[in-house]
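Participant: The structure is given below, and queries will be raised subsequently.
The values are calculated or read from the model by the stated rules, or taken from the named source; none is laboratory data. Computed from a predicted model, the values in this text were never measured in an experiment. Ideal geometry is used to build each Cβ from the backbone, glycine not excepted, and the neighbour counts take in all protein chains shown. With ligands, DNA and RNA removed, areas are computed over all heavy atoms of the protein, side chains included. Shrake-Rupley method; radii C 1.70, N 1.55, O 1.52, S 1.80 Å.
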Amino acid sequence: MKNYMKLEISARGENEGFARSAVAAFALPLNPSFTELSDIKTAVSEAVTNCIVHAYSKTQDGKIIIECETEQTSTGGVLHIEIRDFGCGIEDVEQAVQPFYTTLSDDERSGMGFTIMQTFMDEFSLTSIRGEGTRVEMSRRIGEEDGAAFSKPPKSIRKVSNA
Amino acid sequence: MRILSDYRGNVLYMRLCGEMDEHNAALVRRVADKLVDDHTQSERAVIDLSGVSFMDSTGIGFLIGRYKKLQRYGIPVYVTNPSLGTDKILQMSGVYTLMPKI
């Protein structure tokens with residue numbers, strides 16, 4: 001059984017909390033643990049913050065689209081999240097995903113956003129086209145924490161740039 | 001998001017309360033800096049995270065920013081009571097090497 005939702009929000013700071021809570025609420029029927037929910041909220045918060053701060057530079061009146069799909073499996077479920085903007089795009093995605101890399105170091109930015117998304121989610125991919133926008137796709141398996149951790153396949157991390 | 005503060009025995013305590021994201025951090029950055037500027041005679045500072053119900057990477061930037069400010073006054077800083085989620089982020093980013101967890 002699949003479930004789907006789509007959310008379109010203004011790229012405004014006050015929507016950061018709304019976006020992560022909405023995605024967490026959508027995932028609730030999969031019975032996520034507290035840790036799983038916390039990881040999902042953090043990853044969503046990072047992606048949405050990037051749209052607001054970087055894609056639209058906090059000034060433009062941009063839109064962010066969040067699409068989620070859940071899949072029930074025999075052991076639990078999977079949550080797929082896609083977050084995209086129509087902002088400036090990322091010049092060098094390979095550089096952008098490096099830990100501690102930031103273009104706004106004067107602004108108390110840690111440069112850890114993409115690292116956290118990759119660490120907290122099971123799958124992560126980033127696609128960006130300069131001048132057109134950026135798309136982050138992430139998936140997280142739910143309900144596999146007890147004992148299944150060691151049998152997890154390696155993380156698939158795909159980074160694509162069409163700049 | 002808000003900050004509760006206390007000054008006891010030459011120690012400046014700052015307790016953060018609320019959800020620490022990019023939007024909310026801007027609200028408390030100036031308050032925290034003013035507290036530091038008003039207590040430059042402190043022997044140390046303790047940032048209590050027990051009231052932080054959510055934190056993303058903005059929290060890393062916020063804490064390192066306060067660390068740098070306190071360092072200019074020669075005041076060591078410690079963090080205490082992070083939630084499991086907050087602890088995970090602070091651990092992976094190496095924040096505890098600058099400001100030990102007590």
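Participant: So, of the residues in segment B:40-64 that are among the small types (Gly, Ala, Ser) and open to solvent by less than 30 Å² (accessible area, probe 1.4 Å), which turns out to be farthest from A:PHE114 (Cα to Cα)? Lay out the reasoning, then the answer.
Facilitator: Going residue by residue through segment B:40-64, those that are among the small types (Gly, Ala, Ser) are B:42, B:45, B:50-51, B:53, B:57, B:59, B:61.
Then drop every residue that is not open to solvent by less than 30 Å² (accessible area, probe 1.4 Å), which leaves B:42, B:45, B:51, B:57, B:59, B:61.
On the way: B:SER42: 36, B:ALA45: 30, B:GLY51: 26, B:SER57: 10, B:GLY59: 15, B:GLY61: 14 Å.
Only one residue fits best here, namely B:SER42.
Participant: So which residues in segment A:7-28 are more than 20 Å from A:GLU69 (Cβ to Cβ) and either buried (at least 23 other Cβ atoms within 10 Å of the Cβ) or in contact with a Cys (Cβ under 9 Å, 6 or more places away or on another chain) (or both), if there are any at all? Explain how you work it out, then say what you get.
Facilitator: Going through segment A:7-28, the residues more than 20 Å from A:GLU69 (Cβ to Cβ) turn out to be A:10-17.
Selection gives A:ALA11, A:GLU16.
Participant: Would you be able to say whether some residue in segment A:68-84 is buried (at least 20 other Cβ atoms within 10 Å of the Cβ), more than 29 Å from A:MET1 (Cβ to Cβ), modelled with pLDDT of 90 or more and away from chain B (no Cβ under 14 Å)?
Facilitator: There is no residue in segment A:68-84 that is buried (at least 20 other Cβ atoms within 10 Å of the Cβ), more than 29 Å from A:MET1 (Cβ to Cβ), modelled with pLDDT of 90 or more and away from chain B (no Cβ under 14 Å).
Participant: Return the pairs, sorted by first residue and then second, in which the second residue is polar (S, T, N, Q) and open to solvent by 20 Å² or more (accessible area, probe 1.4 Å), the first residue lies in segment A:104-122 and is facing chain B (nearest Cβ under 8 Å) and touching a residue at least 24 places away in the same chain (Cβ under 8 Å), the beta carbons are less than 6 Å apart, and the residues are 6+ apart or on different chains.
Facilitator: A:ARG109/A:THR102; A:GLY113/A:ASN50
Participant: Looking at (1) more than 14 Å from chain A (Cβ to nearest Cβ); (2) on the phi < 0 side of the Ramachandran plot; (3) modelled with pLDDT under 95, which one does B:GLY9 not meet, given that it meets all the others?
Facilitator: (2)
Participant: Name every residue in segment A:29-58 that is open to solvent by 10 Å² or more (accessible area, probe 1.4 Å) and either of a type in the set (S, T, N, Q) or under 18 Å from A:PHE120 (Cβ atoms) (or both), in order of residue number.
Facilitator: Within segment A:29-58, A:LEU30, A:ASN31, A:PRO32, A:SER33, A:PHE34, A:THR35, A:LEU37, A:SER38, A:LYS41, A:THR49, A:ASN50, A:SER57 qualify.
Participant: For segment B:65-96, how many residues meet the condition of being at the interface with another protein chain (Cβ under 8 Å from one of its Cβ atoms), open to solvent by 50 Å² or more (accessible area, probe 1.4 Å) and under 19 Å from B:LEU35 (Cβ atoms)?
Facilitator: Adding up the residues that qualify gives 0.
Participant: I need a count of the residues in segment A:29-57 that are closer than 18 Å to A:THR70 by Cα and more than 10 Å from chain B (Cβ to nearest Cβ).
Facilitator: Number satisfying all stated conditions: 7.
Participant: With respect to B:ILE60, determine if the residue is β-branched (Val, Ile, Thr) and within 11 Å of chain A (Cβ to nearest Cβ). I'd like the intermediate steps shown before the answer.
Facilitator: Working: β-branched (Val, Ile, Thr): yes; within 11 Å of chain A (Cβ to nearest Cβ): yes.
Considered against the rule, which asks whether it is β-branched (Val, Ile, Thr) and within 11 Å of chain A (Cβ to nearest Cβ), B:ILE60 comes out as yes.
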